[in-house]
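See structure below.
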Amino acid sequence: MSTLTNITLKVWRQDGPDEQGRFETHQIPEIPAEASFLEMLDFLNERLVAENKEAIVFDHDCREGICGTCSLMIDGRAHGPQHGTATCQLHMRTFASGDEIVIEPWRAAAFPIIKDLMTDRAPLDRIIEAGGFITAATGGAPDANLIPIPKPVADASMDAAACIGCGACVAACPNGAANLFTGAKIAHLNLLPQGQAERFQRSEAMVETMDEYFGSCTNHGECEAACPKEISIDVIAVMNADYLKSKLKNRKSLSRT
Amino acid sequence: MSITLDSKIPEGPMADKWSNYIASQKLVNPANKRKFKIIVVGTGLAGASAAATLGELGYQVEAFTFHDSPRRAHSIAAQGGINAAKNYQGDGDSVHRLFYDTVKGGDFRAREANVHRLAEVSVNIIDQMVAQGVPFAREYGGMLSNRSFGGAQVSRTFYARGQTGQQLLIGAYQQLARQIGLGNVTLWNRTEMVDVVNIDGRCAGIVTRDLLNGEVTSHSAHAVVLATGGYGNAFYLSTNAMACNVTAAWRAHRRGAAFANPCYTQIHPTCIPQADDFQSKLTLMSESLRNDGRIWVPKNPDETRSPDQIPEADRDYYLERIYPSFGNLAPRDVSSRAAKRAVDAGQGVGPLKNGVYLDFADAISRLGLDVVWERYSNLFEMYERITGEDPRVVPMRIYPASHYTMGGLWVDYELQTTIPGLFCAGEANFSDHGANRLGASALMQGLSDGYFVLPYTMAPYLSEWLNKPIPDTSHEAFAAAEAEASDRFARYLATNGTRGPDHFHRELGKIIWDYCGMDRNKAGLEKALAEIPALHDEFQKDLNVTGSDTSVNQTLEKAARVDDFFELGMLMCQDALVREESCGGHFRSEHQTQEGEAKRDDENFAHVTAWEWSGDMAAPIEHREPLEYEVMKFQTRSYK
Ligand SMILES: Cc1cc2nc3c(=O)[nH]c(=O)nc-3n(C[C@H](O)[C@H](O)[C@H](O)COP(=O)(O)OP(=O)(O)OC[C@H]3O[C@@H](n4cnc5c(N)ncnc54)[C@H](O)[C@@H]3O)c2cc1C
Ligand code: SF4
Ligand code: FES
């Protein structure tokens, strides 16, 4: 088992949403390569508490890369250096002895800092509430095998549905856009036969809610590179196409009512 | 409050009980539903599905979660799948068979009527989730695909790659989001329930703490649902998400809700072994891997060759050898103990010799790498990220870890606890799995409780309260509970000791794991019952919580949760001590057959033990609900 020595951390500390933030420097003299990045922060926090200092606040839960709670900018990259990997899945073996590591919260206008490394990502929920669902009242569903779904369709839908709602795409985007997140949900639902009835209302409502909170996409592609689930930027094309169509169709259906 | 355990099992033959119940229960008419306010604590599978459905039916719902968003509960981490008696594979599955497997898998310690209902409702869950857009795995013809799971001889498990829990939770979350958007459900995120309040012998509401600013507030309602998950983190190291804790259920227990079978905990056989002392949690490798992976250890404890150099003759495929008909798919408790025996015998593998191999070499040569990769890629990748080893090349190393808790708040057939008006759903209740849960059955139970059971079974209670006002939160009972909660948090901050809550949690977890883990005995349990209060005493004197109670303070949150784990840990050991038999996940080494299998005692222990809080953590009061089997006959569980 190998051990890393002499790690220097520069960690963002901020007491509250409206307070001034600052970098704080901490030394980690020794840490096993098997430890995860967040375990290294746990270790630091236990030390801080033992020194009667306040622990660093950061969001995390599953530590398996699936809940989307963890959210750190590590050396300026959302979720750190390892491709397709959430912060909690990052292990110290990715780093080397003597490294200096800069740790910051998500930086995005739509995600205000709550404290230290924790941000408020509630606007992502607002987008889902606007239309990121299929209306299906409990109890009224037909037999699940009634509508066959070709495997490639189910697979493509699943690829998009893998999004964990972490917000790294927003944090990585120079404009703070949420197009990858929103596109992923629209693609997940709009590709499925069950999603057709609400396809155009959904696309319109979600895109417009997204625009209320987030910046606009200018095709940098940073989102795809940062995404821990490797969601393809193609979902944005699906979203844009359906949004355009929705502007037309929704107007038509309005005139019909 | 003195407790009576009335299970309220409906009359009639087993297969008709649930339909009879639905046909004859009291209803709340649609126009009246909006007069009722219901609090749902927890937005995991059970809570989100309950809150969404109750909101859709027209009730005023308030949903609480300590997560930042309802999309994040622990449910999201479930990998393998969800069972349903659809018989889409035409391999002889039926509601009866799922019922049978679940009662047998639970080692005859579950309530038959509840299990039968679960099996009946299982088919609706799949229909519902598909209608909502859950992208379950499909065959090329477009039909739903199935796999098999431990403890079953049919393929009834539906899955979405290795992310079934994620897809189901996102499905339920989307239904909840829709209700939130429509204004039928009010969401309180980053808000932790810290107490239950009873007025005139029934549940009147809850007290919460805002995790952003420490504010303690009361909320009243006609009825409260707890869907707050399990207590597997009592062991410190477990596969549960970091935030999982017992506080909601425990605080309800302290207010009069009986806690049933706390010693029934499930140790999952396939987790990545601990690598070092810094480890904060263990990662599950889905049991579905056992469909294609073969478990083995070297025959020779002093084996030094790398696994690919060890010839067949020097390997012990111990599950296939001991349990030829179930082989690598033997149930969890059986597989876990077998792994422990191998490691205890010195045959463990890996740098710390604390694991066994789960080998895919045969599957790869039989099916081809592509097929195996298609089935398990995300698990393989996850394993490699954690261990740095590629399971396509080197066999995985696995070892059992705390995973699921069958015990929980006692509930009757209507999922009502011993506090009238307080209901409990999902992993937080004790209801359907007896002494051992089968794989892919927790997701099924959570969604069954939330979508298909509570919306019916809460109505009879609610109908009695039509047009009766709910107590105001200015009532003295709320004020007293708020003051108690505030004092408690102030006390953690004021202790000013030297050790943080994690330190105590680790120590506590070690005691519970050593003496109330996979293998229990009288002497060990008595030792734990002496060590836990001593450690709790130190906790109360030497705890150190830095920071304040006016902004986010995760150290303080943790301290309160660990405090409740101490009391729960005592009850787990107490329960394990009085259950003088082995059944399912509860293995008392005094009670085993000559081959080392669990030995049940149906004459004396065919009951649920439900504990009443007495105010003194060393002296809870024991109650029993006898388990009567109408359909199933007691039999020794054999997977040979
Ligand atoms: C790694 C792993 C894999 C699994 N795989 C499978 C599988 O393949 N198939 C299967 O059937 N089962 C599986 N399980 C089990 C299953 O995932 C869980 O039993 C189930 O999801 C629990 O759902 P729940 O809704 O009861 O609770 P949870 O999902 O734990 O949700 C609890 C909710 O309560 C909230 N909460 C808790 N306490 C409070 C409080 N005091 N105040 C406010 N809110 C609170 C939380 O915020 C959360 O929203 C797995 C479990 C693990 C650990
Ligand atoms: S699209 Fe990727 S980066 Fe964006 S929220 Fe989803 S998982 Fe995170
Ligand atoms: S903590 Fe859940 S994804 Fe990282």
**Item:** Of residues in region A:214-234 being surrounded by 18 or more Cβ atoms within 10 Å (Cβ to Cβ) and in a helix (DSSP H, G or I), the one farthest from ligand 2 (Cβ to nearest atom)
**Value:** A:GLU222
**Request:** Give region A:16-44 a look and list any residue that's open to solvent by 20 Å² or more (accessible area, probe 1.4 Å) and within 30 Å of B:GLY44 (Cα to Cα), or say none.
**Result:** A:PRO17, A:ASP42, A:PHE43
**Complete:** Here the qualifying pairs (Cβ atoms under 6 Å; residues six or more apart or on different chains; first in region A:54-75 and free of Cβ contacts under 8 Å to residues at least 60 places away in the same chain and more than 7 Å from every other protein chain (Cβ to nearest Cβ); second away from ligand 2 (no atom under 13 Å from the Cβ) and open to solvent by 10 Å² or more (accessible area, probe 1.4 Å)) come out as A:ASP75/A:VAL102
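Here is a yes/no grid of residues against (1) within 14 Å of chain A (Cβ to nearest Cβ); (2) assigned to a helix (DSSP H, G or I); (3) at pLDDT 95 or above:
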residue: B:GLN79; (1), (2), (3): yes, no, no
residue: B:PHE99; (1), (2), (3): no, yes, yes
residue: B:ILE125; (1), (2), (3): yes, yes, yes
residue: B:VAL154; (1), (2), (3): no, no, no
residue: B:ARG161; (1), (2), (3): yes, no, no
**Fill in**
When A:THR138 is run through (1) touching a Phe, Trp or Tyr at 6+ places or on another chain (Cβ under 9 Å); (2) modelled with pLDDT of 95 or more; (3) more than 16 Å from ligand 2 (Cβ to nearest atom); (4) over 30 Å from A:ARG13 (Cα atoms), the failure sits at (2)
**Prompt:** Failed condition for B:SER218, given (1) in a loop (DSSP other than H, G, I, E, B); (2) surrounded by fewer than 24 Cβ atoms within 10 Å (Cβ to Cβ), with all others met?
**Reply:** (1)
**Asked** Name the residues in region A:13-68 that are charged (D, E, K, R) and within 24 Å of B:LEU352 (Cβ to Cβ), would you?
**Response** A:GLU30, A:GLU34, A:GLU39, A:ASP42, A:GLU46, A:ARG63, A:GLU64
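Name the single residue that is farthest from B:VAL552 (Cα to Cα) among those in region B:55-68 being more than 12 Å from ligand 3 (Cβ to nearest atom) and in a loop (DSSP other than H, G, I, E, B).
Ranking the qualifying residues of region B:55-68, first place goes to B:GLY58.
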**Message:** Can you pull out every residue in region A:192-213 that is more than 16 Å from ligand 2 (Cβ to nearest atom) and under 19 Å from the mean Cα position of the chain (by Cα)?
**Reply:** A:ASP211, A:GLU212
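Could you list, in sequence order, the residues of region A:68-90 that are buried (at least 22 other Cβ atoms within 10 Å of the Cβ) and more than 13 Å from ligand 3 (Cβ to nearest atom)?
Once the filter is applied, which keeps residues that are buried (at least 22 other Cβ atoms within 10 Å of the Cβ) and more than 13 Å from ligand 3 (Cβ to nearest atom), region A:68-90 yields only A:MET73.
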**Prompt:** Mind checking which residues of region A:37-62 are in contact with a strand residue (DSSP E or B) (Cβ under 7 Å, 6 or more places away or on another chain) and within 16 Å of ligand 1 (Cβ to nearest atom)?
**Reply:** A:ASP59
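Tell me yes or no: at least one residue of region A:250-257 is touching a helix residue (DSSP H, G or I) at 6+ places or on another chain (Cβ under 6 Å) and either part of a loop (DSSP other than H, G, I, E, B) or closer than 19 Å to A:ARG126 by Cβ (or both).
no
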**Asked** When only residues in region A:218-236 that are within 15 Å of A:GLN82 (Cβ to Cβ) and within 14 Å of another protein chain (Cβ to nearest Cβ) count, which is nearest to ligand 3 (Cβ to nearest atom)?
**Response** A:PRO228
**Fill in**
Apart from one, (1) touching a Leu at 6+ places or on another chain (Cβ under 6 Å); (2) away from chain A (no Cβ under 14 Å) all hold for B:MET570; the odd one out is (1)
**Request:** Take B:GLU476 and decide whether it is open to solvent by 50 Å² or more (accessible area, probe 1.4 Å), of a type in the set (D, E, K, R) and more than 14 Å from every other protein chain (Cβ to nearest Cβ).
**Result:** yes
**Request:** Sort out which residues of region B:218-242 are within 14 Å of ligand 1 (Cβ to nearest atom) and not small (Gly, Ala, Ser), and write them in order of number.
**Result:** B:HIS219, B:VAL224, B:VAL225, B:LEU226, B:THR228, B:TYR231, B:ASN233, B:PHE235, B:LEU237, B:THR239, B:ASN240, B:MET242
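Being open to solvent by less than 30 Å² (accessible area, probe 1.4 Å), of a type in the set (A, V, I, L, M, F, W, C) and out of contact with any Phe, Trp or Tyr (no Cβ under 6 Å at 6 or more places or on another chain) is the filter here, so list the residues in region A:102-117 that pass it.
Pass one, region A:102-117, residues open to solvent by less than 30 Å² (accessible area, probe 1.4 Å): A:103, A:105-106, A:108, A:110-111, A:113-117.
From the residues that got through so far, the ones that are of a type in the set (A, V, I, L, M, F, W, C) too are A:103, A:106, A:108, A:110-111, A:113-114, A:117.
Once the filter is applied, which keeps residues that are open to solvent by less than 30 Å² (accessible area, probe 1.4 Å), of a type in the set (A, V, I, L, M, F, W, C) and out of contact with any Phe, Trp or Tyr (no Cβ under 6 Å at 6 or more places or on another chain), region A:102-117 yields A:ILE103, A:TRP106, A:ALA108, A:PHE111, A:ILE113, A:ILE114.
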**Request:** Among the numbered conditions (1) assigned to a helix (DSSP H, G or I); (2) open to solvent by 20 Å² or more (accessible area, probe 1.4 Å); (3) within 14 Å of chain A (Cβ to nearest Cβ); (4) more than 16 Å from ligand 3 (Cβ to nearest atom), tell me where B:ALA52 comes up short.
**Result:** (2)
**Request:** Give just the number: which of (1) open to solvent by less than 50 Å² (accessible area, probe 1.4 Å); (2) more than 13 Å from ligand 2 (Cβ to nearest atom); (3) in contact (Cβ under 8 Å) with a residue 24 or more places away in the chain does A:SER97 not satisfy?
**Result:** (1)
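Is it the case that some residue within region B:584-606 is among the basic types (Lys, Arg) and surrounded by 19 or more Cβ atoms within 10 Å (Cβ to Cβ)? So that I can check it myself, show each step before the final result.
At the first step, the residues of region B:584-606 found to be among the basic types (Lys, Arg) are B:588, B:599-600.
Now drop any that are not surrounded by 19 or more Cβ atoms within 10 Å (Cβ to Cβ), which leaves B:588, B:600.
For region B:584-606, residues among the basic types (Lys, Arg) and surrounded by 19 or more Cβ atoms within 10 Å (Cβ to Cβ): present.
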**Request:** Quick one: B:GLY90 ticks every box in (1) part of a loop (DSSP other than H, G, I, E, B); (2) in contact (Cβ under 8 Å) with a residue 60 or more places away in the chain; (3) more than 7 Å from chain A (Cβ to nearest Cβ); (4) not polar (S, T, N, Q) except a single one, so which number is it?
**Result:** (2)
**Identity of the residue in region A:150-192, of a type in the set (Val, Ile, Thr) and buried (at least 24 other Cβ atoms within 10 Å of the Cβ), that ends up farthest from ligand 3 (Cβ to nearest atom)** = A:ILE186
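Would you point out which residue out of B:PHE539, B:PHE566, B:PHE634 is in contact (Cβ under 8 Å) with a residue 24 or more places away in the chain and farther than 30 Å from B:THR498 by Cβ? Can you show your working first?
Working: B:PHE539 fails: farther than 30 Å from B:THR498 by Cβ; B:PHE566 fails: farther than 30 Å from B:THR498 by Cβ.
Just one listed residue meets the conditions, B:PHE634.
Look at B:ARG190 and say whether it is among the basic types (Lys, Arg) and out of contact with any helix residue (DSSP H, G or I) (no Cβ under 8 Å at 6 or more places or on another chain).
Values: among the basic types (Lys, Arg): yes; out of contact with any helix residue (DSSP H, G or I) (no Cβ under 8 Å at 6 or more places or on another chain): yes.
When the stated conditions are applied, B:ARG190 passes them.
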**Message:** Taking the conditions exactly as written (under 28 Å from B:THR283 (Cα atoms), open to solvent by 10 Å² or more (accessible area, probe 1.4 Å), touching a helix residue (DSSP H, G or I) at 6+ places or on another chain (Cβ under 7 Å) and within 13 Å of chain A (Cβ to nearest Cβ)), does B:GLN167 satisfy them or not?
**Reply:** no
**Request:** For A:ASP15, indicate whether it is within 16 Å of ligand 1 (Cβ to nearest atom), out of contact with any helix residue (DSSP H, G or I) (no Cβ under 7 Å at 6 or more places or on another chain) and modelled with pLDDT of 95 or more.
**Result:** no
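The values are calculated or read from the model by the stated rules, or taken from the named source; none is laboratory data. Small disclaimer: the values here were computed from a predicted structure and weren't measured. Counting neighbours? That spans all protein chains shown, and the Cβs are built from the backbone with ideal geometry, glycine included. Surface areas here come from the heavy atoms of the whole protein model, side chains and all, with no ligands, DNA or RNA. Shrake-Rupley method; radii C 1.70, N 1.55, O 1.52, S 1.80 Å.
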